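Notes for the one structure printed next.
The values are calculated or read from the model by the stated rules, or taken from the named source; none is laboratory data. Every value quoted in this text rests on a predicted model; they were computed, and no experiment measured them. Neighbour counts are summed over all protein chains in view; Cβ atoms, including those assigned to glycine, are modelled from backbone coordinates with ideal geometry.
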Amino acid sequence: MTGKKSLWFLFSAIFSLIIYFSLGKNVGFLSIGIILIIPCLCLIALFPNWVLALSIIAFWVITKCVIDFVTLPIQSIVLEFINSLVNLTVLLFFSYFRIETYKKTTELEQLTLVDPLTKSFNRRYLEIYFTRALPVYNRITSSLSIIAIDIDYFKNLNDKYGHVFGDQVLTTLVNLIKNNLREMDSIVRLGGEEFIIILPHTNIQDAEIIAEMLRCIIENASFMNGKTPVKITISAGVTLLKKSESYQDILERVDLRLYEAKNLGRNRVQVG
């Protein structure tokens, strides 16, 4: 649990116990079955997924059944069973609406962070990522490297083969890169044919190896315009995040390395 979520759950559990012990003399041990709903609802609200929700509901059902059989006379069990069904319905409906709302909210958030054409992340994601990551990397000893990639002569490709093929090149390129990155890495489309690759916990030597590997993969890949293979190459710049520098600083430096690669003949990697 994150800190805030843990506090909310702890508060709900303490609140439930206070209510139970406050009412205990009047309603007896039976009240705990209803009181347990409060932390159950809180957990489902904080962690909206069906596996956890069904586990919580199963726990509540078992606990309530045990309490009923231990504390109630036989003639009262049927009535309490009906009450339990009502409470169970409340838990299930709450779980459904909370989980569905969370899914829709998450989908909408993702749409604002993803480039619709290539399905890579967009510039807004990059800004959010560095806003969160910079304070962390300023405190720890681990490294973060980034690679800037630009497709060589992309405008000429669009002019010669058309924008449909240009879009196909962009999506194929992103898929090739994603298939050769770790799960923790991210690829971001800055705009046009320029991309940023974020490599957490990666020093600059390893980042250079990754950039060179991607350059070779793309150079040797098949980009088909119908039945005609088209050669695609990239230029890349690589740099390492330095302590106490800003998001703009690292982007400016990796852009300089990228432009050096392009000025030195393209289809190459520059590091610095």
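Residues that are modelled with pLDDT under 80, more than 20 Å from S55 (Cα to Cα) and either acidic (D, E) or in contact with a helix residue (DSSP H, G or I) (Cβ under 6 Å, 6 or more places away or on another chain) (or both): does the stretch 82-93 have at least one?
No, the stretch 82-93 has no match at all.
Among (1) closer than 30 Å to S186 by Cα; (2) among the polar types (S, T, N, Q); (3) outside any loop (DSSP other than H, G, I, E, B), where does S84 come up short?
Looking at each condition in turn, S84 falls short on (1).
Residue by residue through the stretch 125-149, note down the ones that are under 14 Å from E208 (Cβ atoms) and not β-branched (V, I, T).
Result: S143, S145, A148.
Can you name the condition, by its number, that S95 falls short on among (1) of a type outside the set (F, W, Y); (2) in a loop (DSSP other than H, G, I, E, B); (3) not assigned by TED's automatic domain parsing to the domain that holds S186?
In the conditions (1) of a type outside the set (F, W, Y); (2) in a loop (DSSP other than H, G, I, E, B); (3) not assigned by TED's automatic domain parsing to the domain that holds S186, S95 misses (2) alone.
Of all the residues that make up the stretch 104-149, how many are outside the structural domain of E260 (by TED's automatic domain parsing), among the β-branched types (V, I, T) and over 14 Å from the mean Cα position of the chain (by Cα)?
The qualifying residues number 1.
Give me the pairs, please: first residue somewhere in the stretch 220-245 and within 21 Å of N156 (Cβ to Cβ), second residue anywhere and surrounded by fewer than 11 Cβ atoms within 10 Å (Cβ to Cβ), beta-carbon distance under 8 Å, and either six or more positions apart or on two chains.
P229/S222
So for the stretch 204-219 (the condition being polar (S, T, N, Q), outside any loop (DSSP other than H, G, I, E, B) and farther than 25 Å from E260 by Cα), does at least one residue qualify?
The answer is no; no qualifying residue exists.
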